[in-house]
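The values are calculated or read from the model by the stated rules, or taken from the named source; none is laboratory data. Everything numeric in this text was worked out from a predicted model, so none of it was measured. Positions of Cβ are backbone-derived with ideal geometry, glycine not excepted, and every protein chain shown enters the neighbour counts. We work out accessible area using only protein heavy atoms, side chains counted, and drop any ligands, DNA or RNA first. Shrake-Rupley method; radii C 1.70, N 1.55, O 1.52, S 1.80 Å.
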Amino acid sequence: MAQGSVQVTHTGTSRWRRRTGEYASLAAALEAAADGDVLSISPGTYRENLVVVRAVTLRGSESARGSVRIAPTEGVPLTVRGSAALHDLYVEGQDSTVPALLVEDGAPELTGLRVATRSAVGIEVRGGARPTVRRCTVDNPGGIGISVLDGAGGVFEECE
C-alpha cells in the first residue's frame, strides 16, 4: 500500500476555517488542524511518527477497516498528548525499544484500533492520561498488551 491522502474538515465558525483541505501526509494535516477538526484518512501506509496534541478526530476508512496503517520504521508510531478521538486505525510498531502507541496526557477516545508490535508494550498509558479504549486489539507476542503507569488510568472495554 502506498501513502494516501488526508482530508481535514474544519469545524470552526470563522470564515477562514470553514473550508476543507487535503494533505499528502498525516503530519501536515495535524499541523493544519485545529481543535474539533476531523481528519479523514485515505487507505494507505503512513510511515510517519505522529504526535497528536489537539482535540481532533482521526478517522480511518469505515468501509475498509484496518486499511489505514501507521507504520514508521523506528520510534513510537503514535503519541497522544491531548483529548483526541482515534477510530479504525492500524498502528504497527517496528521498534522493539518503544511502545507502538503512547498516551501521555488528556482523555482521548481510542475505538476500533489494531496495534501490532514486538516490543515491551503495545499501548502504554502514563502521566495524567485517562483514555477510553474500546474494541481495540493489541497483538504483541514479545510483551505486554496494555500498560498503565505513573498514576494514569482510563476505561478499557471489549479489548483483546
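Observations
- Among Ala32, Ala107, Ala129, the largest mean-square fluctuation in a Gaussian network model of the chain (Cα springs under 10 Å) belongs to Ala32.
- With contributions of -39500 (n - 2.57) from each DSSP H run of at least four residues, the per-residue ellipticity at 222 nm computed over the chain stands at -1000 deg cm²/dmol.
- Residue among Tyr90, Tyr23, Tyr46 with the largest mean-square fluctuation in a Gaussian network model of the chain, springs linking Cα atoms under 10 Å: Tyr23
- Inter-label distance for Glu158 and Ala120, nm, one decimal - labels placed 7 Å from Cα along Cα-to-Cβ: 3.2
- Positive-end ranking of Ala55, Val80, Val8 along the dipole of the chain, with charges on Cβ about the Cα centre, is headed by Val8.
- At 0.890 mPa s and 25 °C, Stokes diffusion of the stretch 24-101 via Kirkwood alpha-carbon radius, µm² per second: 196
- With the convex hull constructed from alpha-carbon coordinates only, the chain shows a mean projected area of 8.7 nm² over all directions.
- In the context of the full set of protein chains, the chain has a per residue accessible area of 47 Å² (1.4 Å probe).
- Anisotropy class of the stretch 81-160 from Cα gyration tensor, a/c 1.5 cut: oblate
- Placing Glu92, Glu109, Glu160 in order of accessible area, with the largest value first and a 1.4 Å probe, yields Glu160, Glu109, Glu92.
- Shape analysis of the stretch 69-117 places it in the oblate category; the axes a ≥ b ≥ c from the Cα gyration tensor give an a/c of at least 1.5, with a/b not above b/c.
- Accessible surface of the chain [probe 1.4 Å, protein heavy atoms]: carbon and sulfur percent: 46
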